[in-house]
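The values are calculated or read from the model by the stated rules, or taken from the named source; none is laboratory data. Note that the structure is predicted; figures quoted are calculated from it, not measured. Here the Cβ positions follow ideal geometry from the backbone for every residue, glycine too, while neighbour counts run over all protein chains shown.
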């Protein structure tokens, strides 16, 4: 059995202080990468960076104007940060729609833009965008999240086409519902929106389309990210890698 060796590679993970981002940061470090955690939670980011022997960069990805001149010299970029808001379109706050798009689409574009010159110069790069099943299909009440993830899919594909001649790959990883604080918050929001219990939300809404009635675990996502970041991921580009328990098979 071969393992992914990322020794000597530098990885940057947005939203790396918690949830899927944290799992990715930990796994990348375990595989030998030097990890930079980009997060707005300074305490959590700095604590994890110290634990992993990496570094923390405190950044608010919603402040995209500040990202336009950012310098990002990394071999692996994992765009993971995200937020959610559950509401019908006619009640959805326009500023929240714009904020979600800034964090989950505009910020990844700016970070990719910042990382590509160095990747091109070295002839190696891995752009890994943590998308979602909702980058491929839609659900009601999630207009900003779904549209941002669909946009991220397009951004990833264009990056793959431009980056291919320079040794840079770009992919999306598309999990279903992952056991994270973000999903736990969605359960509460969905229960309030639909007027049902939280248990009913899990069984009849969140996992209704899945053949496997379990949440995805953060480390499931992280280990796929490590494979895609490594040498065996060199031909994996321009595609979406689904971890959804069979959701989009229907």
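One residue is enough: does region 80-95 have a residue meeting the conditions touching a residue at least 12 places away in the same chain (Cβ under 8 Å) and either assigned to a strand (DSSP E or B) or assigned by TED's automatic domain parsing to the domain that holds residue 187 (or both)? Within region 80-95 (the criterion being touching a residue at least 12 places away in the same chain (Cβ under 8 Å) and either assigned to a strand (DSSP E or B) or assigned by TED's automatic domain parsing to the domain that holds residue 187 (or both)), the answer is no, since none of the residues qualifies. Among the residues of region 4-22, those identified as in a strand (DSSP E or B) and under 15 Å from the mean Cα position of the chain (by Cα) are 11, 12, 13, 14. The set of residues in region 41-53 being assigned to a loop (DSSP other than H, G, I, E, B) and surrounded by fewer than 16 Cβ atoms within 10 Å (Cβ to Cβ) consists of 53 alone. So for region 96-116 (the condition being under 26 Å from residue 222 (Cα atoms), over 17 Å from the mean Cα position of the chain (by Cα), touching a residue at least 24 places away in the same chain (Cβ under 8 Å) and not in a helix (DSSP H, G or I)), does at least one residue qualify? Looking through region 96-116, none of the residues is under 26 Å from residue 222 (Cα atoms), over 17 Å from the mean Cα position of the chain (by Cα), touching a residue at least 24 places away in the same chain (Cβ under 8 Å) and not in a helix (DSSP H, G or I). The listed residues are 146, 225, and the only one of them that is surrounded by 14 or more Cβ atoms within 10 Å (Cβ to Cβ), free of Cβ contacts under 8 Å to residues at least 40 places away in the same chain and touching a helix residue (DSSP H, G or I) at 6+ places or on another chain (Cβ under 6 Å) turns out to be 146. Scanning region 117-136 for residues that are in contact (Cβ under 8 Å) with a residue 40 or more places away in the chain and surrounded by fewer than 16 Cβ atoms within 10 Å (Cβ to Cβ) yields a count of 2.
Scanning region 228-240 for residues that are out of contact with any strand residue (DSSP E or B) (no Cβ under 7 Å at 6 or more places or on another chain) and crowded, with 20+ Cβ neighbours inside 10 Å returns a single hit, 230.
Only one entry in 182, 161, 152 is in a helix (DSSP H, G or I), over 21 Å from residue 244 (Cβ atoms) and touching a residue at least 40 places away in the same chain (Cβ under 8 Å), namely 161. Scanning region 23-40 for residues that are more than 16 Å from residue 73 (Cα to Cα) and either surrounded by fewer than 23 Cβ atoms within 10 Å (Cβ to Cβ) or more than 12 Å from the chain's Cα centre (by Cα) (or both) turns up 26, 27, 28, 29, 30, 31, 32, 39, 40. Checking each residue of region 26-33 against the condition of being over 20 Å from residue 219 (Cα atoms), assigned to a helix (DSSP H, G or I) and assigned by TED's automatic domain parsing to the domain that holds residue 227 gives no match.
Checking the stated criteria, residue 56 turns out not to satisfy the condition of being under 22 Å from residue 185 (Cβ atoms) and either in a loop (DSSP other than H, G, I, E, B) or touching a residue at least 12 places away in the same chain (Cβ under 8 Å) (or both). Going through (1) assigned by TED's automatic domain parsing to the domain that holds residue 31; (2) not in a strand (DSSP E or B) one by one, residue 172 falls short only on (2).
Across region 59-79, the qualifying residues are those that are assigned to a loop (DSSP other than H, G, I, E, B) and in contact with a strand residue (DSSP E or B) (Cβ under 6 Å, 6 or more places away or on another chain), and the one among them that is farthest from residue 28 (Cα to Cα) is 59.
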